[in-house]
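The values are calculated or read from the model by the stated rules, or taken from the named source; none is laboratory data. In this text the structure is predicted, and so the values were computed from the model without any measurement. A quick note on method: Cβ atoms are made from the backbone with ideal geometry, for glycine too, and the neighbour counts reach across all protein chains shown. To get the accessible areas, we keep the full protein, side chains included, count just its heavy atoms, and leave off ligands, DNA and RNA. Shrake-Rupley method; radii C 1.70, N 1.55, O 1.52, S 1.80 Å.
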Amino acid sequence: MTFIQKVWAIVWKDITSELRTKEILLSMCLFSFLVLIIFNFALDTGLKNLRENISGILWVAFIFSGLMGLGRSFGVERDRGTLHGLLLCPISPWGIYLGKMIGTFIFMVVMEIFTLSIVTVLYNINVIPFLLPLGLIIFLGTLGFATIGTIFSAMSATTKARDVMLSILVFPISVPMIIASVKATGIILWGGAIQEIYSWLKILIAFDLVFLLLAYLTFGFIIEE
Amino acid sequence: MTHNRAFLKIFQFVTFFMMLLALYAIFVYAPVEKSMGIVQKIFYLHVPSAFLAFFAFFITFIASILYLYKRNHRWDMIAFSSAEIGVIFCTIVLITGPIWAKPIWNVWWTWDPRLTTTLILWFIYVVYLMLRRVAGENQRSTFSAVFGIFGFINVPITFLAIRLWRTIHPLVITGKGISISTPMTHTLIIASVAFFLLFLLLLINRIVLEKMRFKVEEIRAFIEDKIHLEHEKQGG
């Protein structure tokens, strides 16, 4: 098996087990749906201030439900006692990391597509014309979030107060990614030119690359204990 | 050991003397700033603390890398001690800042890049300290080292993102533009040196304390082993 096949095997394992239980995806989608509804009451998103707020609401929904998925990513392995099995796989730590990260990423993207369609209906926003730039921002933002999230998910899976720990580990580090994603999404939904989001895309790309590199360098240390 | 202790005593004395000198310089030697008045004096505490907070986190970053590389317990101790003291100095920065800002800017807080980055920095290292509490004994050092590296690398990206965020929106308050007279510069230098000595003193003491704790744990484990053996002998 090549490296890519091994990574894909881990991703496929997560997808298969998810398709059987459907516990992560269902709870993620329902949760983001609820976030959208709660924000509607909290901010009174009438047509007046809708556009200004919608990118923020969207990303809060993405990130909060993403956090649920992340918590399960390694948490589920620990609960089922399969963590050691995973670590014993004949694959480098980087491969395990990539497999887990891509799995989380895919779950998040499914949830995000669901959330976007809900937003289209509930908030009367047509996202179809902006699909390409919006997709790019969501891809980069979600990649960054999954990148740091997977590291901290592996860390918090073995600590006390697992879920609380995961969120307070992830949030301070993900600040630049949240700022860049929210701002770029806002510009696009406002109908701004694609050139306006270049500097935000640069920050997102830098964030993704830097933390992927750091994950490559440090993930081995985290799981060897 | 006695040699070290004598050195610490002298060092403590020098720091104490420098702190007194700094207090004298701040409240007697430095003139009262014309437009801002007496509240400007907080500047002499604020700036050295900010500098030391960043310096402390930098030490944590370097020590974390060295720990992962060398796997020596000493580096972990340094990283932890430095982060703890850094959080104290960062807290001082975040408290003295608003006290100064309220009369001068007329607001306690503004989401300016420097302020916001400092707040995020404070959060990262408070989380770092918390991670050390909840992580298991054998993972604590590695986890906190990795988080120490992630946290520090994150700072420049956060700063860039917040600056960009703020330049798109109009800034309510721009530039601080304080012109400093010579006695003020002297005072700032004296205060910085005093705070730096205080930082070193705290760091050394913290590391010594951590070493002692480590030793006590070793001794305790040793004694428990002994007792266990005795019991087995009696039982068998």
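Inside the range A:51-168, counting only helices (runs of 4 or more DSSP H) that do not spill past its ends, which hold 3 or more residues that are open to solvent by less than 40 Å² (accessible area, probe 1.4 Å)?
A:93-122, A:131-156
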Practice problem: Please identify the pairs in which a residue from the range B:84-111 that is touching a residue at least 12 places away in the same chain (Cβ under 8 Å) has its Cβ atom under 6 Å from the Cβ atom of a residue that is open to solvent by 20 Å² or more (accessible area, probe 1.4 Å) and in a loop (DSSP other than H, G, I, E, B), counting only partners at least 6 apart or on another chain. | Solution: B:ILE104/B:MET36; B:TRP105/B:ILE173; B:THR110/B:ILE173
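Here's a check for you: in the range B:56-84, which residue that is among the polar types (S, T, N, Q) and in contact with a Leu (Cβ under 7 Å, 6 or more places away or on another chain) is farthest from the other protein chains (Cβ to nearest Cβ)?
Taking the range B:56-84 first, the residues among the polar types (S, T, N, Q) are B:60, B:64, B:72, B:81-82.
Applying the additional criterion that residues be in contact with a Leu (Cβ under 7 Å, 6 or more places away or on another chain) yields B:81-82.
Numbers: B:SER81: 21, B:SER82: 18 Å.
Only one residue tops the list, namely B:SER81.
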Quiz item: Just one of the numbered conditions (1) of a type in the set (A, V, I, L, M, F, W, C); (2) within 21 Å of the chain's Cα centre (by Cα); (3) open to solvent by 10 Å² or more (accessible area, probe 1.4 Å); (4) more than 9 Å from chain B (Cβ to nearest Cβ) is not true of A:ILE188; which one?
Solution: (3)
Exercise. Return yes or no: is B:VAL87 at pLDDT 95 or above, more than 10 Å from every other protein chain (Cβ to nearest Cβ) and in a helix (DSSP H, G or I)?
Key: yes
Quiz item: Can you name every residue in the range A:179-210 that is in a helix (DSSP H, G or I), touching a residue at least 12 places away in the same chain (Cβ under 8 Å) and more than 20 Å from B:PRO113 (Cβ to Cβ)?
Solution: A:THR185, A:ILE188, A:LEU189, A:ILE194, A:ILE205, A:ASP208
Quiz item: Say we look at the range B:43-67 and pick out the residues that are over 14 Å from the mean Cα position of the chain (by Cα) and buried (at least 24 other Cβ atoms within 10 Å of the Cβ); which of these is farthest from B:GLY151 (Cα to Cα)?
Solution: B:TYR44
Quiz item: Does B:ILE149 count as in contact with a Ser or Thr (Cβ under 6 Å, 6 or more places away or on another chain) and within 11 Å of chain A (Cβ to nearest Cβ)?
Solution: yes
